[in-house]
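Taking it in order: structure first as structure tokens, then the write-up.
Just so it is clear, none of the values below were taken in a lab; they were calculated from the coordinates. Predicted model only: the values in this text are computed from it and were never measured. Don't worry about glycine lacking a Cβ; one is built from the backbone with ideal geometry, like all the others, and counts go over all protein chains shown.
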Amino acid sequence: MADGSSETKSSNQMWGGRFASGPDAIMEEINASIGFDKKLYAQDIRGSIAHATMLAHQGIISADDKDKIVHGLNTILSEIESGAFEFSRRLEDIHMNVEARLATLIGPAAGRLHTARSRNDQVALDFRLWVKEELQKTEEALTALIDAFLDRAEEHADTVMPGFTHLQTAQPVTFGHHCMAYVEMFGRDRARVRHAIEHMDESPIGAAALAGTGFPIDRHMTAKALGFREPTRNSIDTVSDRDFALEFLSIAAIAATHLSRLAEEIVIWSTPQFGFIRLSDAFSTGSSIMPQKKNPDAAELVRAKTGRINGSLVALLTVMKGLPLAYSKDMQEDKEQVFDAAENLELAIAAMTGMVRDMTVRADRMKAAAGSGYSTATDLADWLVREAGLPFRDAHHVTGRAVALAEQKGCDLAGLSLDELKAINPDITEKVFDVLTVEASVASRTSFGGTAPAEVRKQIAWWRARN
């Protein structure tokens, strides 16, 4: 009881003299954020050390008080990291928990730490630092995933497979070329990450509650100490802004969508009907009733993460959409969405990187499927344009008749005889059979960014030089 009363008193003092009693149980429950924002402890302590150092440099607090503050904060950091620190819900958030413990450790000097700042710019700083660090982790994870795809693309630059539109066989491509499509997709994700880091590289600390401060602080000094390019330029916007969190969630949602598309292909490719790849037991599970089953659960779970991450983006957009300037308590709801999305995106990228490196590519099944569905029909039409001088629309019509005949006979286009093809168009010659194999088809696609193995290797080399 004594401990509880003491804690309540401490909480009331921090609320200020206006509040004669602490919030009741309901208010405490809705107001407390320590259950999740304790994740920001390292950023909070780092920001406070930089702030105290600047205050002393500017002569706002004494060097002795600064030394006590810094020593106390480092002690708290060690306590948290060792698991010895006791977080209190009555102290609401990470900022007040740290400040209360600092007061216990060093006495009155702790009260000088909050000079020339507010919890508004303090939380903006902590959260921005956390998101920046998470973006840097995401950049590294995407680079590892791109590396995995580059390795598989190099290995399979010549491996022929069917290319699809509408999930119907369209034209032959190489598996290396297909892998490079994902390199491009995840490369764009990484570019968005890098842009977001540059975009948010401004320090909020010193904006105070919303109007700045009359103390002679040096915001450029704290920005530099905390690894930011410069301080923010408008104190109202600074404490109101959560664009950096929305950008992170937007990037996460787009990247998760790319991961989900890849997961869907892995699920399809690993079915007996396709059989293009095999996943090892490391990324598969069995059935509790069907002993023959091998389920691509890791891919399915990655696919499912997209809904969760997209939900986080929509949730924070909805929180922010009607808020007047400057700070509103609604913004306390920003962190859980970002924390959850970050955790799940990190896991999904790691799982997908593992699957890409783990999967066994069945080149024989891919090649057998590559010629199905008359996939070289476009090559026949192109040959008629090049060699027989037909307008493309006429060549398209001739090719359609050839496909109909092959379908009637139950063979592929290469299975038609020269006489049968000449009966459709007399300008067709023996040379047409040079383009009706899947190998010839992919080799002919030499346009920039095309599926020809030589062109795929050029694109791999380009990405290797930049990854």
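Assorted remarks:
- Relative to the longest principal axis of the Cα atoms of the chain, the long axis of helix 335-358 lies at roughly 40 degrees.
- You can think of it this way: the chain between E29 and T318 has 101.8 nm of extra reach, that is 0.36 nm per residue less the Cα-Cα gap.
- Taken one residue at a time, the phi angles of the range 95-104 give Karplus couplings (6.51, -1.76, 1.60, θ = phi - 60°) of 5, 6, 5, 5, 5, 5, 5, 4, 4, 5 Hz. Gly and Pro are set to x.
- Under 20 Å from the R229 label point (7 Å along Cα→beta-carbon), backbone N, the range 177-219: 188-207, 219
- Cα long-axis angle, helix 2-15 against the chain (0 to 90 degrees, to the nearest 10): 80 degrees
- Peptides 197-210, 24-37 ordered by average Cβ neighbours within 10 Å, highest first: 197-210, 24-37
- Helix-derived mean residue ellipticity, 222 nm - over the chain, DSSP H n ≥ 4, -39500 (n - 2.57), to 500: -20500 deg cm²/dmol
- For K224, the aspartates and glutamates whose Cα falls under 14 Å of its own Cα, not counting residues fewer than eight places away in the same chain, are D201, E202.
- Modelled this way, with points 7 Å down the Cα-to-C-beta line, the labels at Q408 and I268 are 3.2 nm from one another.
- Binned Cα-Cα distances of the range 161-224, short to long, each 10 Å bin given as a whole percent: 17, 24, 17, 14, 10, 13, 6
- The string of couplings for the range 137-144 from the Karplus curve (6.51, -1.76, 1.60, θ = phi - 60°) is 5, 5, 4, 5, 5, 5, 4, 5 Hz, one whole number per residue in order, with x for Gly and Pro.
- Once the C-beta distance of R457 and A363 is scaled by a Förster radius of 25 Å, the resulting FRET efficiency is 0.90 to the nearest 0.05.
- Proximal lysines relative to K321, as straight alpha-carbon distance under 25 Å, when same-chain residues fewer than 8 apart are discounted: K132, K305, K329, K335
- Using alpha-carbon coordinates, inclination of helix 41-57 to the longest axis of the chain, degrees: 50 degrees
- Dipole magnitude for the range 189-295: about 420 debye, using +1 per Lys or Arg Cβ and -1 per Asp or Glu Cβ, origin at the Cα centre.
- Here the Karplus curve 6.51 cos²θ - 1.76 cosθ + 1.60, taken at θ = phi - 60°, turns the phi angles of the range 427-440 into couplings of 7, 6, 10, 4, 5, 4, 5, 5, 10, 8, 8, 5, 5, 5 Hz, with x standing for Gly and Pro.
- Other residues within the sphere of radius under 12 Å centred on the Cβ of D37, judged by their own Cβ, net out at -2 (K and R +1, D and E -1).
- Amide H to amide H distances under 5 Å link R362 with I277, R278, where only residues 5 or more positions off or on other chains count and H is placed in the peptide plane.
- Ranked by the mean number of other Cβ atoms within 10 Å of their residues, highest first, the peptides 122-129, 44-51 come out as 122-129, 44-51.
- Positive-end residue, the chain charge dipole about Cα centroid, Cβ charges, pick of Y182, T360, A50: A50
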